[in-house]
């Protein structure tokens, strides 16, 4: 179906179902229950899930397939965001030109940076991309926001003002970003028993785009091009002595993944028309690396899982405070309750980054294949299959078209 | 001329910090072959050693002085640091005043211990893994370390002043034969530079003149051969990791008065230090030091009004720009050895 | 005029004369072995042949064209395929995929790989890859993870990958180093079969005399960076100079 093998098609189907039903799935707890704080089914967070999912899917095309570890991918995210807001300022609040332009500009920048960075590999490539991203950040944060030539609006962030031209803004069209008249921030609320489900236009637009992006990534993974990229990762020496110049392939992968990042950046602006330079900082680049590794680099579903998990932690873990902890452990004797709260306290609330760091280290040390590998190991344990069978299984999967 | 000298001086303190961190990074990379993204965190921990010592010295108990009253008429509560009670007011006050230099002694055992634990507990298991994995795990470690510091010390910078005698600036103009007030330079920064030069000299002397250093240098050149000679190179490398950690820590301790330490200062310096290492040449110790000072001074020149009006923002991007140009024209860096991670 | 011509090549590393005045001519469709004791300059010569090292003086030409200063992929496009001392294969890919890559490379040239698959094109490539695997007796292993195979099988696969591109010259660098006896014999048989079935020139750099004398039609003995003698295997066996160079080694 759709040019996919059965297994991939099923995976795509699962992603489609999850994305479409997310408002239900992510809201398992009734509104008034104590567990409602673990609900993630509100528009803001769901949008982040899918947008950063796109970012990570794109990053995985570069890192997962070719093994080139870019530490500057956030630059493309930022470029995409700025492009989209500029379209809002110049043309009007329709998101379509903004999103298209964000893909184009980030692609152009990725091509320029890629030509230079890809002349080196390994750690040098990582540092070159990092240097480019930090440079872009510095430029956007201060240099490009002087009164004479204000491209980025510096610290305040680029946003739409009332006196912006918006040349193509139609009469009576919404005064917020919209997709053919449908306002991005419009949310349809549905109460069902004790539950409250929210259906947000912005989320669904992003989710549909995410599904398309995911589909394209499956096609790339399974294509001869993807096979070639995996070959480059596997053994660059043999690649060179096979009579192929590997650079056009890695450059293409770099540009594609840069365009994914730009698309994600454009969508961030589309759901919230404000673009700031901090989106380009190297911590943001580090985050997408974390997402991809956490989920499983080089796997199809890994980056989506990783980005979802990290964004969930960021929003939910950071909300847990001492009162919540005390209420959890209230069934224990007082001394132990306090001890438990003291022990867990550093890892939640403002300290959720600590959890993230620890989790990330554990993954890199014990589970280099990320959550996907973890899942496979558990599956293997349960089914008790022999390892040999399994490897043969996997080899068959990785072979395209039979 | 005086302006040029001033800019060179201005670049020295940052250059010193870059050089010291880059030196440690290179030692670790050269000996262990590991790219350590947590090295900036060691610098940061060093700075917090200074913060900690100054906090310990300022620990006080409260006495109620009946002879004085505060503005509400209640008896005045006086905070007396324990050190003043124990060692007498003068010695106590001097200890508090000199807490940053004293933190040097305090930090060395701490940093070496942290270095040992890091190497034996974590890095050791990553020698055989790809560089990408090393980057990732040390990156994770850096996040953990800085979050721990943030948890205990808060997110705000903590001002940690230098001893009284070293505060303020010194006018070098007369000494150099310029107009008065043309070359004014903070004393502590000069001390920082001298201190860095001392540390760098000590590390080089250690590598050059001791048998231990000789083996380490041989190991950096060809690990396998040295291993074949029956020398336990791993143990020495662990010690080198401790030394590199101590160097970064000391750089941090002394930097505390220049910039109030905060939990993310390590990462800010790390990104630039990596650039420094690459510009100097991966695996070259003199390269790391030279590039550190060079880039520090270059940054300071780019921050002059003349430079920023000619090319706006040049001060923000100069280091990256230089790094990109160097990497593309001289892939090995300024003093890099042939064959060390050239690809 | 041979297909591969090395003329007056000199290469120094600091004070060490690695190659001194090397002249070598490899005849088309012959098997030419280069032997020599350790440190004779075999590896340096090989690196010069494939353009990785540029000699201080002299020229290396393949079919009349200079190979010096060319990138590895350009050399390969000229028709030189290289087999490495440790088999260089795509360890993370299956055997069949390993075989498909060079076929793709040969067919599609520089950059015409489809980012989204094109099944008709691909089918032909898979067929061709399977055909090569069959000729290597490896068809049953096509879904194996190539990294988990024995060294002999990896070597077999690597040679197959080179052959799938129909090279004119196959360069082998100690193809049986580190192999068990059975694997060594299998590799020799494979190379003999290739020699009989194809119009191909084989240049082989080898330490193992057993391999050399079972395959080579001509042998060049290298000692201290200079060719000592060049002759047929039978004459080499009894050559006094060779015995001298190999004193203490089993010649």
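List of remarks:
- Scanning the range C:54-75 for residues that are closer than 27 Å to residue C:176 by Cα, assigned to a loop (DSSP other than H, G, I, E, B) and within 12 Å of another protein chain (Cβ to nearest Cβ) yields a single hit, C:71.
- Residue ID - nearest to the other protein chains (Cβ to nearest Cβ), chosen from residues in the range A:146-163 that are under 21 Å from residue A:92 (Cα atoms) and in contact with a strand residue (DSSP E or B) (Cβ under 6 Å, 6 or more places away or on another chain): A:152
- Selection within the range C:18-49 - in a helix (DSSP H, G or I) and touching a residue at least 60 places away in the same chain (Cβ under 8 Å): C:42, C:43, C:44, C:45, C:46, C:49
- The lone exception for residue C:105 - which of (1) under 30 Å from residue A:369 (Cα atoms); (2) in contact with a helix residue (DSSP H, G or I) (Cβ under 6 Å, 6 or more places away or on another chain); (3) facing another protein chain (nearest Cβ under 7 Å) it fails: (2)
Residue by residue, here is whether (1) in a helix (DSSP H, G or I); (2) buried (at least 24 other Cβ atoms within 10 Å of the Cβ); (3) in contact (Cβ under 8 Å) with a residue 12 or more places away in the chain holds:
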site	(1), (2), (3)
B:9	yes, no, yes
B:21	yes, yes, yes
B:37	no, yes, yes
B:50	yes, yes, yes
B:57	yes, no, yes
B:67	no, no, no
B:71	no, no, no
B:78	no, no, yes
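- Residue list for the range A:81-116, filter: modelled with pLDDT of 90 or more and closer than 30 Å to residue B:332 by Cβ: A:109, A:110, A:111, A:112, A:113, A:114, A:115
- Members of the range C:151-185 that are under 12 Å from the mean Cα position of the chain (by Cα) and not in a helix (DSSP H, G or I): C:167, C:168, C:169, C:170, C:171, C:172, C:173, C:174, C:175, C:176
- For beta carbons closer than 6 Å, sequence separation of 6+ or different chains, a first residue in the range A:159-188 that is at positive phi and a second that is part of a loop (DSSP other than H, G, I, E, B) and at pLDDT 85 or above, the qualifying pairs are A:166/A:92.
- Verdict on residue B:96 being closer than 22 Å to residue A:356 by Cβ and either crowded, with 17+ Cβ neighbours inside 10 Å or in contact (Cβ under 8 Å) with a residue 12 or more places away in the chain (or both): no
- Residues of the range B:131-154 classified as more than 8 Å from chain A (Cβ to nearest Cβ), assigned to a helix (DSSP H, G or I) and more than 16 Å from residue B:268 (Cα to Cα), total: 3
- In the set C:188, C:204, only one residue is in contact with a strand residue (DSSP E or B) (Cβ under 8 Å, 6 or more places away or on another chain) and either crowded, with 18+ Cβ neighbours inside 10 Å or outside any loop (DSSP other than H, G, I, E, B) (or both); that residue is C:204.
- Selection count where residues are buried (at least 24 other Cβ atoms within 10 Å of the Cβ) and either part of a loop (DSSP other than H, G, I, E, B) or more than 7 Å from chain B (Cβ to nearest Cβ) (or both), scope the range A:133-145: 4
- Filtering the range A:104-129 to residues that are at the interface with chain B (Cβ under 7 Å from one of its Cβ atoms), surrounded by fewer than 24 Cβ atoms within 10 Å (Cβ to Cβ) and assigned to a helix (DSSP H, G or I) leaves A:116, A:122, A:123, A:124.
- Unique match (being away from every other protein chain (no Cβ under 14 Å), out of contact with any strand residue (DSSP E or B) (no Cβ under 7 Å at 6 or more places or on another chain), surrounded by fewer than 17 Cβ atoms within 10 Å (Cβ to Cβ) and more than 28 Å from residue B:260 (Cβ to Cβ)) among B:121, B:88: B:88
- Test: residue B:293 is surrounded by fewer than 20 Cβ atoms within 10 Å (Cβ to Cβ), in a helix (DSSP H, G or I), touching a helix residue (DSSP H, G or I) at 6+ places or on another chain (Cβ under 7 Å) and modelled with pLDDT of 85 or more: no
- Close pairs from the range B:141-168: first surrounded by fewer than 15 Cβ atoms within 10 Å (Cβ to Cβ), partner in a helix (DSSP H, G or I), Cβ under 6 Å, at least 6 apart: B:164/B:97
- Residue A:192 being away from every other protein chain (no Cβ under 14 Å) and touching a strand residue (DSSP E or B) at 6+ places or on another chain (Cβ under 8 Å): no
- Unique match (being modelled with pLDDT under 85, crowded, with 16+ Cβ neighbours inside 10 Å and either in contact with a strand residue (DSSP E or B) (Cβ under 8 Å, 6 or more places away or on another chain) or within 9 Å of chain A (Cβ to nearest Cβ) (or both)) among C:113, C:78: C:113
- Unique residue being away from chain B (no Cβ under 11 Å), within 26 Å of residue A:306 (Cα to Cα) and surrounded by fewer than 18 Cβ atoms within 10 Å (Cβ to Cβ) when the list is A:349, A:374: A:374
- Qualifying residue in the range A:318-334 (condition: buried (at least 23 other Cβ atoms within 10 Å of the Cβ), more than 30 Å from residue A:158 (Cα to Cα) and either touching a strand residue (DSSP E or B) at 6+ places or on another chain (Cβ under 8 Å) or in contact (Cβ under 8 Å) with a residue 40 or more places away in the chain (or both)): no
- Apart from one condition, residue A:171 fits all of (1) under 18 Å from residue A:51 (Cα atoms); (2) out of contact with any helix residue (DSSP H, G or I) (no Cβ under 7 Å at 6 or more places or on another chain); the exception is (1).
- All positions within the range C:210-233 that are part of a helix (DSSP H, G or I) and surrounded by 18 or more Cβ atoms within 10 Å (Cβ to Cβ): C:211, C:212, C:215
- Out of B:242, B:177, sole residue that is in contact with a helix residue (DSSP H, G or I) (Cβ under 7 Å, 6 or more places away or on another chain) and either over 24 Å from residue B:3 (Cβ atoms) or without any contact (Cβ under 8 Å) to a residue 12 or more places away in the chain (or both): B:242
- Qualifying positions in the range A:146-183 - surrounded by 11 or more Cβ atoms within 10 Å (Cβ to Cβ) and assigned to a strand (DSSP E or B): A:146, A:150, A:158, A:159, A:178, A:179, A:182, A:183
- Residue ID - surrounded by the most Cβ atoms within 10 Å (Cβ to Cβ), chosen from residues in the range B:300-319 that are within 12 Å of chain A (Cβ to nearest Cβ) and at pLDDT 85 or above: B:319
The values are calculated or read from the model by the stated rules, or taken from the named source; none is laboratory data. Treat the numbers as computed from the prediction; the structure is a model and nothing was measured. Cβ sites come from the backbone with ideal geometry, for glycine too, and all protein chains shown count toward neighbours.
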